[in-house]
Amino acid sequence: MPTLFSWACSATPVFPGFFALILLVFVISIASNTIMIILIHMDSRLHTPMYYLLSQLSLMDILYISTIVPKMLVDQMVGQRAISFAGCTAQHFIYLTLAGAEFFLLGLMSYDRYVAICNPLRYPVLMSRKVWLLIVVAAWLGGSIDGFLLTPVTMQFPFCASREINHFFCEVPALLKLSCTDTSAYETAMYVCCIMMLLIPFSVISASYTRILITVYRMSEAEGRRKAVATCSSHMMVVSLFYGAAMYSYVLPHSYHTPEKDKAVSAFYTILTPLLNPLIYSLRNKDVTGALKKALGMCLSSGSVSTF
């Protein structure tokens, strides 16, 4: 008989207001990230490495939130709180892969900002099509390795009879608490792995932004400083949100954790971050807002012509 997990204390209480809120967040996240991808590929002004990398971030966010929220909404609609072993394994693998890919992509995106500000004349060479394609492949490959390494080990542990996950999706710490055997050695190895996954991109980000700050400080024109800060601030906001939540979940000692805090932080970076990312980049970016206005103008003008 296949293993079946259940949500012991689901983070999705059954009342219409909560269901409507999560559904609204999901729809806005999917729509806003999809619009970002369409605008970037339609508007020639956005055909630059930075925006191509942003389109990959939006794609990751679409897949990321789609891995968790639809299951949560279906559970609430049908009144069930169960997931099969195969479903839990798939959710676990996809979540780890996408989270790892986003870690690496955000880290490598700081290199793009470094080149744009510190070496603008060499930008076409240092961020050629071959380079940004390599960045995208490296991010997805790094995330996939994370998923392929951790998922088989996590899911091979024997689970106790209750199999009640005190969470709203199959996250590693919540699953390990169900194991009937000692997982301390694996948790230590996973802790080291997570530290490395955070440190490598974080080191790239720190080095890039240190050079950027030095370059900005040496700029004589106030307008140049303003543009440089505006260019980097959106990326730093996204990095702070995503990395901060991940560091709490996977780096802080167990004494700082409670099931309620873990679920709240997980909800933040799995549900709210995909909603915030396109809003941060679009509302603070004149190129994106300009492309959106242009697209809306074309839609309105074509609509007027067709109705005439």
| query | From PHE85, PHE103, which residue is open to solvent by 50 Å² or more (accessible area, probe 1.4 Å) and touching a Pro at 6+ places or on another chain (Cβ under 8 Å)? | reply | PHE85
| request: Give the residue, chosen from ALA189, ALA174, ALA207, ALA246, that is among the aliphatic types (A, V, I, L, M), open to solvent by less than 70 Å² (accessible area, probe 1.4 Å) and touching a Leu at 6+ places or on another chain (Cβ under 8 Å). | output: ALA246
| Limited to region 44-82, what total is found for residues that are in contact with a strand residue (DSSP E or B) (Cβ under 8 Å, 6 or more places away or on another chain) and either open to solvent by less than 30 Å² (accessible area, probe 1.4 Å) or of a type in the set (A, V, I, L, M, F, W, C) (or both)? | 2
| field | Qualifying residues in region 177-186 (those that are assigned to a helix (DSSP H, G or I) and small (Gly, Ala, Ser)) - the one most open to solvent (accessible area, probe 1.4 Å) | value | ALA185
| helices (runs of 4 or more DSSP H) lying entirely in region 195-297 (those with 3 or more residues that are closer than 30 Å to ILE38 by Cβ, among the β-branched types (Val, Ile, Thr) and in contact with a Gly (Cβ under 7 Å, 6 or more places away or on another chain)) | none
| query | Which residues, taken from region 35-52, are among the polar types (S, T, N, Q) and farther than 20 Å from ALA139 by Cα? | reply | SER44
| query | Does region 1-49 hold any residues that are assigned to a loop (DSSP other than H, G, I, E, B), of a type outside the set (Val, Ile, Thr) and either closer than 18 Å to PHE168 by Cα or modelled with pLDDT of 70 or more (or both), and which are they? | reply | ALA8, CYS9, SER10, ALA11, PRO13, PHE15, ASP43, HIS47
| field | Pairs where the first residue, in region 132-153, is in contact (Cβ under 8 Å) with a residue 12 or more places away in the chain and assigned to a helix (DSSP H, G or I) and the second is open to solvent by less than 50 Å² (accessible area, probe 1.4 Å) and acidic (Asp, Glu), C-beta under 9 Å, 6+ apart | value | TRP132/ASP112; ILE135/ASP112; ALA139/GLU102; GLY143/GLU102
| Residue in region 197-209 that is within 12 Å of LEU106 (Cβ to Cβ) and small (Gly, Ala, Ser) present | yes
| note | If you go through SER184, SER220, SER206, the only one that is at pLDDT below 80 and of a type in the set (Gly, Ala, Ser) is SER220
| task | Scan (1) part of a helix (DSSP H, G or I); (2) modelled with pLDDT under 80 for the single condition SER162 breaks and write down its number. | result | (1)
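The values are calculated or read from the model by the stated rules, or taken from the named source; none is laboratory data. Note that the structure is a prediction, hence the values are computed from the model and not measured. Reconstructed Cβ throughout: ideal geometry from the backbone, glycine too, with neighbour counts over all protein chains shown. Just so you know, the surface numbers come from the protein's heavy atoms only, side chains and all, with ligands and any DNA or RNA stripped out. Shrake-Rupley method; radii C 1.70, N 1.55, O 1.52, S 1.80 Å.
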